[in-house]
Structure formats: C-alpha cells, structure tokens
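Heads up: the structure comes next, in structure tokens.
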Amino acid sequence: MNSPTKLRDPTAESSPVRRARLAPPSSLDGKTVALMDIGKSRGAEFIDRLEGHFKKAGVATRRYAKPTNTKVAPTALMQQIAAENQLAVIALSD
Amino acid sequence: MPDTLLPRDGLVIVAKRDCPTCVLVEPVMQSLDRAGPLAVVSQDDPTFPSGVRSVLYDDALERSFRLNIEAVPTLIRFKDGREVERTVGWQRQEWMRLAGDAAEGKGLPDWQPGCGSKSVEPGVHEALIARYGDPGLKSREIAVGNWDDPMEACFERGWTDGLPVVPPTDERILRMLGGTERKPDEVVGLIPPNLAPCTVEKVAINAVMAGCKPEYMPVVLGVLEAALDPLFVLHGLLCTTHFSGPLVIINGPAARAIGMNSGVNALGQGNRANATIGRALQLIVRNVGGGMPGAIDRATLGNPGKYTFCFAEDESDPDWEPLSVRRGVAPGKSAVTLFHGEGVHGFIDQKSRTPEELVRSLAMGLFGVGHPKLCDAGNAVLVLSPEHYKIFKDGGWNRRRIEDELFQALKRPGRDLVWGAQGVPEGLPPKYADQVVDKFQPMPDGVLIVRAGGEAGLFSAIIGGWPGQRVREECQAVTREIRP
C-alpha cells in the first residue's frame with residue numbers, strides 16, 4: 001500500500017493524539033464475558049480456570065475459539081462475540 | 001546540507017528534454033562541460049543532454065525544488081559552495097557573462113525564452129513543499145503506520161460522517177489552501193457546540209476530507225460564515241431532535257464557475273461541487289465543533305441531507321429574480337443562502353395549466369410541512385421545476401406575484417386546525433378557532449422560492465424548515481455574499 005505516513009488533524013485538537021483505551025467497567029453485574037481461546041497450546045487450561053472464577057463470582061460467560069491460531073479470527077466470529085457479550089478475555093499462552 | 005554532487009566552484013544548469021530551448025542550448029552545455037566544472041540537473045531524461053559528464057537525473061525534482069527553479073534552462077554560477085548568479089532562458093550575453101566564452105553558442109539565436117520548470121507545475125509544487133520544504137501548517141501531525149490504510153485511520157479516529165474521506169495530507173491541504181487568498185491562520189469563527197476556533201487551515205483540511213477541489217474554497221468559506229451567523233442558530237439546529245440540518249443554496253457566478261448543478265437531479269447525487277461543499281460544512285461541525293450524532297446531535301431520525309445538502313439555483317432566465325437578490329444581495333454577486341432543511345418532499349401536479357390552479361395546488365402540498373394542522377412550525381423552501389415555472393411565466397407571474405398569491409393561498413380557517421378538529425388532536429390552540437391562520441411567516445421568509453431541476457417533469461420539491469424558525473428575531477434563513 002502506498003500509504004502516506006502523516007495526516008493533519010481536522011479537529012480542534014482537544015483530545016490526545018493517542019486514542020484513549022476504553023475504561024474498564026466499574027462492575028461485572030449483569031454482564032456476559034466472552035472467553036476466547038485463540039488456539040495456542042494450553043490456552044484452554046487458562047480459559048477453564050478463568051471460567052471457574054467467573055462462575056464462582058456469578059458472572060455469565062460464553063466460550064469461543066478461533067479455527068486456527070495462525071490467522072486472525074473470522075469477522076463473523078468477532079461480530080458474534082460483540083453481539084453476545086459486553087466484555088472479552090483472550091487467552092494468549094504457550 | 002550542501003549538495004555534494006553540485007560543484008562548489010562552477011556551473012549548474014537545470015534543464016529538461018521537453019523544453020525546446022534546452023534542446024537548442026545542448027551544444028552550449030557540451031561546450032561548458034569541456035571548460036568545466038559543470039553539473040546539469042535533468043528533470044525528465046537521464047540521457048539529456050548528451051556529451052556532458054555530470055548529468056544528475058532529478059526525476060523526484062528535489063534538486064529543482066531546493067534550487068528554487070521556476071523555468072528552464074536556468075544557469076547558476078556557484079562560488080565557495082554558494083550561488084552567486086543565475087540567468088533564466090537562453091540569452092547569449094547573459095550566459096557569456098556568467099560562464100565565459102564557452103557559452104557563446106555560435107549559430108544560435110541571441111535570445112530564446114525558456115519553459116516552465118516541472119517543479120512548479122500545478123499540484124507538483126505543493127507536493128514538493130510537503131516532501132522537502134516547510135508546509136507551514138499549524139495543525140498537529142497524526143502519524144499513520146506504513147502498513148495502515150489512511151482511510152481506515154480516519155474512520156478509527158472518528159473523523160468521518162460514515163462515508164470514506166480523502167486523507168488530509170500536507171500536499172492536499174496546501175493545494176486546497178491555494179484556492180483562497182485568505183491566510184491559513186485566519187480564524188473564520190467559533191464552531192458549535194464546543195465553540196472551537198476554526199482557522200482557514202482547518203477549513204481546508206476538512207474540505208480535503210470532504211472531497212472538495214481547491215476552487216471550491218471561497219464557497220466553502222462563505223457557507224461556513226453564513227452558518228456561523230448568530231441568526232442561523234447552528235448550535236440549536238445541531239442539537240435538535242427534529243430532522244433538520246443545514247441546506248445550502250448557492251447563487252451567482254461562483255456556482256457556475258465551479259460547475260455546480262442546478263439542473264437535472266439538482267437535489268440528488270452526481271455533482272462533485274454540490275456533494276462536497278455541503279459535506280465540508282458537516283465535517284467542520286463534526287470535527288472542529290465536536291457535533292457528533294448521538295452526542296450533542298439528538299435527532300430522532302435525522303435526514304439523508306445531513307451528509308450533504310447543497311445545490312445551485314437555475315439563473316438561466318433573466319426574467320427570474322434569483323433567491324439571493326430577493327434576499328438583498330446585489331445582482332451578479334455570488335451568495336450563499338442557508339436554510340434549516342428537513343429533507344425533500346416531492347410535489348406532483350401534472351394537471352394544473354394556469355398559475356391560479358398551480359398556486360392553489362402548491363399550497364396544498366405546502367400545508368403538509370410539519371403537520372397539515374400546524375402553522376408557523378417552521379418555514380419552507382419551494383424548489384420550482386422548469387415545467388412548473390413555465391406555467392407561472394406563461395401566465396405573466398414573476399417571483400413577487402407567485403409569493404403574494406402563494407401567501408394568500410396558504411391561509412386557512414383556524415376552526416379546521418385547532419386541537420381535535422378533523423378528529424386529530426394535533427393542531428393549534430383553541431384561541432385560533434375564529435381566526436384565519438397563515439401557514440408560514442410573511443414572504444419572502446415564509447417560503448423561499450428557488451428555481452432548479454431538469455427540463456422534463458411537472459414535479460417540484462418542498463423542503464420543510466425547522467420549528468426553531470418560529471421566533472423570527474432569533475432564528476431565520478441567512479443569505480450572505482461570497483467573498484472571492
């Protein structure tokens with residue numbers, strides 16, 4: 001891609017150049033957490049442990065897995081996760 | 001940093017093969033090379049001129065830019081690494097004064113003008129400033145990764161209206177600024193809702209993103225100034241739950257000069273100036289002012305015109321008084337009218353043949369603005385198509401007559417309009433029951449009549465206004481002359 005590397009800000013420049021991360025939720029009450037296994041080895045063990053902790057805390061979870069760890073998740077899967085959950089944990093492990 | 005490939009003490013000639021004068025003096029360049037030292041900067045051909053040892057191919061035009069070359073050939077003499085003299089074009093006397101007898105050029109004419117340098121061709125110069133010079137822009141830089149798509153970067157940063165924007169690079173911004181004589185740091189006004197100062201440079205950046213051409217800049221600036229007139233109440237229009245957004249109507253030579261559409265599909269898609277000028281205003285409000293849909297913009301439904309809503313009036317009939325003239329701008333001047341428009345409502349009448357029939361019919365259509373039982377709940381724009389206009393013209397009615405007759409036709413007995421009348425709760429308070437009520441405010445503000453559209457079709461368009469227009473002293477359509 002023949003990409004320019006520099007643009008000029010069209011705004012009033014009242015916000016930082018680096019975009020702020022989304023603030024973490026103040027509570028998990030009533031929220032559903034997606035547990036995403038990206039397919040790396042032992043990722044499922046980590047997800048299992050997290051799932052247990054969430055269950056004890058009374059937080060609903062849903063499990064998802066990428067078809068392969070070598071490629072980005074399919075768009076449909078990411079849309080499904082976004083539609084069904086408010087939060088997501090992605091297991092990265094080796 | 002000094003250019004080590006140029007002689008510290010000697011001659012530099014900037015030339016291009018495409019220039020007949022450069023070709024003419026090729027033997028002179030060969031002669032000067034023999035006398036040396038000489039470097040020829042060739043803009044378009046690494047093999048030109050032949051017979052010269054040091055030819056520096058300048059396809060990127062960096063040397064030409066740094067040497068500030070405006071025409072070729074340019075002969076420059078350097079001493080101790082500094083330029084001491086230059087001459088442009090071919091003049092035997094001047095060349096011999098700078099370079100000595102080797103520049104005599106026997107057999108050549110005494111004088112022949114040169115050609116423009118490739119480095120100052122339209123668009124190229126701005127690109128070279130962006131690449132090698134100081135663009136002088138004050139807006140902060142936003143870095144985009146080499147592998148990132150700049151269009152997607154604009155989306156991610158929230159700079160777009162939902163459609164792709166043209167990434168605002170220095171090169172494009174400089175070109176856009178070339179469309180106006182106004183200084184980049186001039187503040188045009190404070191943009192609501194955040195009342196952020198908006199410079200000409202910020203206007204240019206957003207105009208680039210909207211897809212404008214540089215020659216649209218005076219119109220874009222005129223539109224913005226009109227929008228910032230306190231009487232237009234841009235802040236209120238922005239945060240309303242109503243449908244309305246800014247509708248831009250352009251009159252005068254500026255509209256024709258930039259090829260705006262006032263004919264077939266004038267309110268639709270397909271014309272760059274129509275599409276991008278209206279969009280530039282919306283992007284400025286969004287980006288500079290912070291007017292975001294769903295945040296301060298609380299429209300229940302909005303309307304598609306909030307992407308862009310801009311067209312020109314058809315002024316081809318000298319008998320017709322243009323909208324801008326009716327609203328106080330001198331004939332022949334370019335002007336912008338801004339109205340709080342809610343969207344296009346099609347009006348069909350294929351049966352009326354006399355002005356009297358048609359004006360009654362139009363009034364029936366106009367009664368529907370807002371709600372058929374509401375009055376003074378916003379004004380309207382009536383876009384009169386050529387075939388409907390012809391009925392008036394053939395009947396001898398001019399703008400003023402149409403306005404007067406329409407105003408009379410838009411009166412109704414209040415008893416039909418009060419709460420509960422016709423089985424509908426919406427309507428006017430009971431005090432109007434014994435009155436004759438006007439649908440709109442007095443002319444010319446009540447209905448802004450403008451001519452536009454394709455030659456075929458007994459259709460006109462009604463564009464309802466905004467209830468905020470009820471208090472005329474506080475809020476109304478605004479017309480302003482466009483400065484060159």
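Bear in mind these aren't lab numbers, they're just calculated from the coordinates by the rules spelled out. In this text the structure is predicted, and so the values were computed from the model without any measurement. Heads up, the Cβs are rebuilt from the backbone with ideal geometry, glycines too, and the neighbour counts pull from every protein chain shown.
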Task: Cys with no candidate disulfide partner in the protein assembly as shown (beta-carbon separation under 4.7 Å rule) - done: B:Cys154, B:Cys198, B:Cys212, B:Cys239, B:Cys310, B:Cys375, B:Cys475
Open item on the list: Per-residue Cβ counts within 10 Å, from other chains only, averaged over B:153-163: what number is that?
Closed with: 2
Open item on the list: Quick query: amide H of B:Asp297 versus all other amide H atoms, modeled in the peptide plane; which residues come in under 5 Å with a sequence gap of 5 or more or a different chain?
Closed with: B:Met292
TODO: Would you mind ranking A:Val59, B:Val336 by Cβ crowding within 10 Å, fewest neighbours first?
DONE: A:Val59, B:Val336
Open item on the list: Can you list residues from other chains, or at least 5 along the same chain, whose modelled amide H is less than 5 Å from the amide H of B:Gly341?
Closed with: B:Gly245, B:Leu247
Task: Stokes-Einstein D for the protein assembly as shown, Kirkwood Rh over Cα pairs, 37 °C, 0.692 mPa s (µm²/s) - done: 113 µm²/s
Task: Average partner coverage of A:10-22, which counts Cβ from other chains inside 10 Å - done: 6
Task: Set of lysines near A:Lys31 by C-alpha distance (under 20 Å), chain-local residues within fewer than 8 positions excluded - done: A:Lys55, A:Lys56
TODO: Would you mind giving the average projected area, over all directions, of the Cα convex hull of segment B:10-121 in nm² with one decimal?
DONE: 6.0 nm²
Task: Size of electric dipole in segment B:328-374: Cβ of Lys, Arg +1 and of Asp, Glu -1, about Cα centre, debye, nearest 20 - done: 40 debye
Open item on the list: Taking a ≥ b ≥ c as the square roots of the Cα gyration tensor eigenvalues, with a/c under 1.5 meaning rounded and otherwise prolate when a/b beats b/c, else oblate, which class fits chain A?
Closed with: oblate
TODO: Quickly estimate the mean residue ellipticity at 222 nm for chain B, helices only: each DSSP H run with n ≥ 4 gives -39500 (n - 2.57), and the total goes over all residues, rounded to 500.
DONE: -8000 deg cm²/dmol
- [ ] Considering only DSSP beta bridges where both residues belong to chain B, give the percentage that are antiparallel (nearest 5).
- [x] 70 percent
- [ ] Would you mind giving the mean number of other chain beta-carbons within 10 Å of the Cβ of each residue in B:138-150, as a whole number?
- [x] 5
Open item on the list: Could you order the peptides B:387-398, B:64-75, B:39-50, A:81-92 from most to least packed, using the average number of other C-beta atoms within 10 Å per residue?
Closed with: B:64-75, B:39-50, B:387-398, A:81-92
Open item on the list: At a 10 Å Cβ-Cβ cut-off, how would you order B:Trp95, B:Trp111, B:Trp147, fewest neighbours first?
Closed with: B:Trp147, B:Trp111, B:Trp95
Task: Residue among A:Met36, B:Gly162, B:His371 farthest towards the positive dipole end of the protein assembly as shown, charges placed on Cβ - done: A:Met36
Task: Qualifying chymotrypsin sites (Phe, Trp or Tyr not before Pro) for segment A:1-72 [loop in DSSP, other Cβ within 10 Å: at most 13] - done: none
- [ ] Please grab the % of Cα pairs in segment B:343-460 that end up more than 19 Å from each other.
- [x] 46 percent
TODO: Treating the angle as unsigned and between 0 and 90°, give the value, to the nearest 10°, between the Cα long axis of helix A:75-84 and the longest Cα principal axis of chain A.
DONE: 70 degrees
Task: Most positive-pole-ward Cα, B:Ala456, B:Gly270, B:Ala433, against dipole of the protein assembly as shown from beta carbon charges - done: B:Ala433
- [ ] Please provide three numbers in whole Å: the alpha-carbon extents of segment B:230-280 along the principal axes, with the largest listed first.
- [x] 33, 22, 16
- [ ] Kindly put A:Val33, B:Val28, B:Val220 in sequence by how many other C-beta atoms sit within 10 Å of each C-beta, fewest to most.
- [x] A:Val33, B:Val28, B:Val220
Task: Computed Kirkwood radius, in angstrom, where 1/r is averaged over Cα pairs of chain B - done: 26.3 Å
Open item on the list: Classify segment B:148-300 from the C-alpha gyration tensor, please: rounded if a/c falls under 1.5, else prolate or oblate depending on whether a/b exceeds b/c.
Closed with: rounded
TODO: Show which lysines lie in cross-link reach of B:Lys16 when reach means a straight Cα distance below 20 angstrom and same-chain residues fewer than eight apart are skipped.
DONE: B:Lys118
Task: segment B:70-121: trypsin sites (Lys or Arg not before Pro) falling in loop per DSSP and having at most 14 other Cβ within 10 Å - done: B:Lys106
Open item on the list: Please compute the contact order of chain B in relative form: average sequence separation of alpha-carbon pairs under 8 Å and at least six residues apart, divided by the residue count, as a percent.
Closed with: 13 percent
Open item on the list: Under 18 Å between alpha carbons, and skipping anything fewer than 8 positions from A:Lys6 in its own chain: which lysines qualify?
Closed with: B:Lys138, B:Lys202
